[in-house]
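Let me begin by presenting the structure, written as structure tokens, before commenting on it.
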There are 2 protein chains.
Amino acid sequence: MDATAVQPTSRPGGRTARNRVAVRDATLAELAAHGYAGLTVEAVATRSGVHKTTVYRRWGGVDGLVVDALALADEDEWAPPDTGSFAADLRALAREVMTTFADSPASAAFVAAAFQSARAAAALHGFYAQRHRRAEVVVTRAVTRGEVPAGTDAGAVVKAAVAPFYYRVLIAGETPSEEVADQSAAAVAHAAQAGLYA
Amino acid sequence: MDATAVQPTSRPGGRTARNRVAVRDATLAELAAHGYAGLTVEAVATRSGVHKTTVYRRWGGVDGLVVDALALADEDEWAPPDTGSFAADLRALAREVMTTFADSPASAAFVAAAFQSARAAAALHGFYAQRHRRAEVVVTRAVTRGEVPAGTDAGAVVKAAVAPFYYRVLIAGETPSEEVADQSAAAVAHAAQAGLYA
């Protein structure tokens, strides 16, 4: 589910496409090292090897760098786990979100950016909306299998399963744990099966 | 549950206590207007009527202003709703968190501050830890009444009930709704009663 989990896209194309990936990688590295408050076009230019004037011209500024990193992440092939059962799918999803966020030091910086830039906020919200839409198949498959009542709000289920992880890490300052991911997924699966998200 | 919901404390004491409240009120107003990134000691001094050198000496800087606003919030008398039933208590709690956050334009700024200052982060996490501890009585009362199994993780229940609100507003960029608060509380109550947070 995470913006920083995307592998560098290898696409045909020339220097423009290569520069875009180099700038994205440099943006992620700088966000990981210094956070959004410490992100500068100069440092991204130096790290990426793309000339500073090119970065300014194409990306505009630090908010443009964040927006484009999220746009590139949107282009990946991410799909949620497909284990064959609803509860196991939801558990695997919650674990994946936790692991990806923890393994990607830039993750929290994208959330921080949204507080400081309306453009970054719109990009972050758009990125998560797309992730949620993709993850909803976990619920629609469960409906098809008869595990969950028809009419279940798939988006609400997906968000409820991952929300405790974000809340605990970003608001409560806790260290993420697989136990919490599993507990959250199991509770939401149980409630969804009982029709409480219908 | 919210940092900004606290009423100004009226305490005996002289100018120091009055200044502290005036500076806290000015900090909340400045956070609401300009966010943490736009918070300045100068603006807080002007708005509070407390001399700038006094603010610098006692609060140190913008992170100190945030830390003290949260410390004052910690001193309030907040207790979670007590309706007589577990599901209704959890629903009232989720609604209150939503309403308080929505009515307090500085709320999101406290979260933003935590991304930019380790001191503000520690204060935010401490504030929420204390709120969670107070809210846990909703679960312990339910255990006493036999509505929820003994051994239920009260903190996990409280956090799971409010997490979707924060996730939807801060990460997904959605507008909060009472429907979501109610749905989240009902689902968590159902799962807790089934022993899924034990």
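Since every read-out is calculated from the coordinates, none of them should be taken as a lab result. Please read all numbers here as calculations on a predicted model, not as lab measurements. Positions of Cβ are backbone-derived with ideal geometry, glycine not excepted, and every protein chain shown enters the neighbour counts.
Values computed for the structure shown
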{"read-out": "Mean-position separation - Cα centroids, the stretch A:10-52 and the stretch B:26-95, in angstrom", "value": "37"}
{"read-out": "Inter-centroid distance (Cα atoms) of the stretch A:152-195 relative to the stretch B:183-198, Å", "value": "12"}
{"read-out": "Taking B:Thr175, A:Thr40 and counting other C-beta atoms within 10 Å, the order from fewest to most", "value": "B:Thr175, A:Thr40"}
{"read-out": "Cβ-vector label at 7 Å, A:Glu42, separations to other copies in nm", "value": "2.3"}
{"read-out": "On Cα atoms only, tilt of A:107-116 relative to the major axis of chain A in degrees", "value": "70"}
{"read-out": "Relative contact order of the stretch A:86-193, pairs being alpha-carbon contacts under 8 Å that are 6 or more residues apart, as %", "value": "39"}
{"read-out": "Solution diffusion estimate, µm²/s, Stokes-Einstein, chain B, Kirkwood Rh from C-alpha pairs, 4 °C, viscosity 1.567 mPa s", "value": "73"}
{"read-out": "Taking the C-alpha atoms of the stretch A:3-74, convex hull volume expressed per residue in Å³", "value": "77"}
{"read-out": "For B:Asp103, label point 7 Å along C-beta direction: distances to other copies, nm", "value": "4.5"}
{"read-out": "Cα-based radius of gyration of the protein assembly as shown once divided by 2.2 N^0.38 Å, which approximates compact folds", "value": "1.05"}
{"read-out": "Closest approach to the axis - chain A beta-carbon, rotation onto B, Å", "value": "A:Ala163, 2"}
{"read-out": "Degrees between helix A:118-135 axis and first principal axis of chain A (Cα, 0 to 90, nearest 10)", "value": "40"}
{"read-out": "Cβ-vector label at 7 Å, B:Gly195, separations to other copies in nm", "value": "2.4"}
{"read-out": "Rounded to 10°, Cα long-axis angle of helix B:178-193 versus longest principal axis of chain B", "value": "50"}
{"read-out": "Surrounding net charge for B:Ala121, when Lys and Arg each add one and Asp and Glu each subtract one, Cβ distance under 13 Å", "value": "-1"}
{"read-out": "Under 13 Å, Cβ to Cβ, from A:Val143 - net charge with Lys/Arg +1 and Asp/Glu -1", "value": "-2"}
{"read-out": "Cβ-based net charge around B:Ala186, under 13 Å, with every Lys or Arg adding one and every Asp or Glu removing one", "value": "-3"}
{"read-out": "log10 of Debye I(q)/I(0), alpha-carbon scatterers only, for the stretch B:118-198 at 0.12, 0.18, 0.19 Å⁻¹", "value": "-0.40, -0.81, -0.88"}
{"read-out": "Rounded D (µm²/s) - the stretch B:64-142, Kirkwood Rh over Cα pairs, Stokes-Einstein at 25 °C, 0.890 mPa s", "value": "181"}
{"read-out": "Separation in nanometres of the label points that stand 7 Å from Cα toward Cβ, at A:Val143 and B:Arg15", "value": "6.6"}
